[in-house]
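Contents: one structure, followed by commentary.
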Amino acid sequence: MPEFLSAHDRDAATASTPPRRRAQRIFPLRFFVLELRRIGRDYTSMFFIAILPAFLYVIFGAAQDYSDLPMGRGNVAMYVMIGMAAYGAVTATTGIGGQAAVERQQGWGRQLALTPLSDIAYVCVKTLVSAVIAIIPVALIFLIGAWTSASAPGWVWAASGAVIVAGALMFALYGLAFGLAFRTESAVSAASGSLVILGFLGNTFVVLSGTMLTVAKFTPLFGITALARWPLTDGAYAVMDRGPLPSDPLWVPLLNVTVWLIIFGVTCLILVRRSRGRE
């Protein structure tokens, strides 16, 4: 809007903007659909987001003899299924968050500046795209779990799935930090690849106990996975040995998620300010 207009004139011009156009500025539906299509056509990423975690669930969950053993309000297969779904969801949001940072720093941000798309609308689109893509591995793995041996009350399925999708959005900041720090697509791939290590360390893939379980509580994937499993187990962890299951109070995974959310957020803020300083 021209700078020589008075504040009153600018307000009047904004008020005269058609409601549909103002809505498009707040949330551009067409850009949202294009982003979904673009990411959906990246078959390599979709394999690691959805197919690989589903395959891991079948191998380490449904295909095992212990899958039908009782675990909390369900069975071991359900316990494994939730962990694999969490891994797939955070892989999705990490990749999207990292790509958003790289796009903005490689010129896409200047292209978007020529459009009516605001920064808030851009963030809203990316956030919603992350949530939608995160639903894909959760839905696929839950569907396979229902078809195989995973068992639990319906509300446990719904609650665990909702926690996974909501918690996975935190890892968009994890990917964003990598993209801001290194500004390359390979860095984003490295961020997604590092989730495999974090999955093993965070009690997501394999059953940990003793010292390793204590270390796991300080890793970023632990909190989301534990919260997603909470409706099933009330904080208990599967162990290889027979006997009472170890458990934690609810504040332990909540504190883990809170601390890592602050760490990721502050890191992204520092990196954004550093990149602006260079410009």
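Since every read-out is calculated from the coordinates, none of them should be taken as a lab result. Since the model is a prediction, treat every value here as computed from it, not as a measurement. Here Cβ is always computed from backbone atoms with ideal geometry, including for glycine, and neighbour counts include all displayed protein chains.
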Response to the item:
Contour minus Cα-Cα span, Thr211 to Ile263, at 0.36 nm per residue, comes to 16.3 nm
Fill in: For peptides 63-69, 230-236, 75-81, sequence by mean Cβ density within 10 Å, most packed first
75-81, 230-236, 63-69
Worksheet, complete the sentence: Between the modelled labels at Ile59 and Ala166 (7 Å from Cα along Cα→Cβ) the distance in nm is 3.2 nm
Discussion item. Could you tell me how far the Cα centroid of region 128-170 sits from the Cα centroid of region 33-85, in Å?
Written reply: 9 Å
Item to complete: Please give, to one decimal in nm, the separation of the simple spin-label points placed at Val33 and Ser247, each 7 Å out from Cα toward the Cβ.
Response: 4.9 nm
Worksheet item: What are the ³J(HN,Hα) values, in whole Hz, obtained from phi via the Karplus relation 6.51 cos²θ - 1.76 cosθ + 1.60 with θ = phi - 60°, for each residue of region 156-166 in sequence order, with x given for Gly and Pro?
Response: 5, 4, 5, 5, 5, x, 5, 5, 4, 5, 5
Worksheet, complete the sentence: Residue-ordered couplings for region 55-71, obtained by feeding phi - 60° into the Karplus form 6.51 cos²θ - 1.76 cosθ + 1.60 and rounding to whole Hz (Gly and Pro as x), are 5, 5, 4, 4, 6, 8, x, 4, 7, 8, 5, 7, 4, 8, 5, x, 8
Worksheet item: Taking Cα pairs under 8 Å and at least six residues apart, what relative contact order does region 126-219 come out at, in percent?
Response: 21 percent
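Grab the other residues whose beta carbon is less than 14 angstrom from that of Ser149, score K and R as +1, D and E as -1, and report the net. Each step should come with its number before you reach the end.
Values: positive: none; negative: Asp65, Asp68.
Once all neighbours under 14 Å are counted, the net charge is -2.
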Discussion item. Output wanted: per-residue J couplings in Hz (rounded whole) for region 257-269, from phi through Karplus 6.51 cos²θ - 1.76 cosθ + 1.60, θ = phi - 60°, x for Gly and Pro.
Written reply: 5, 4, 5, 5, 5, 5, 4, 5, x, 5, 4, 5, 4
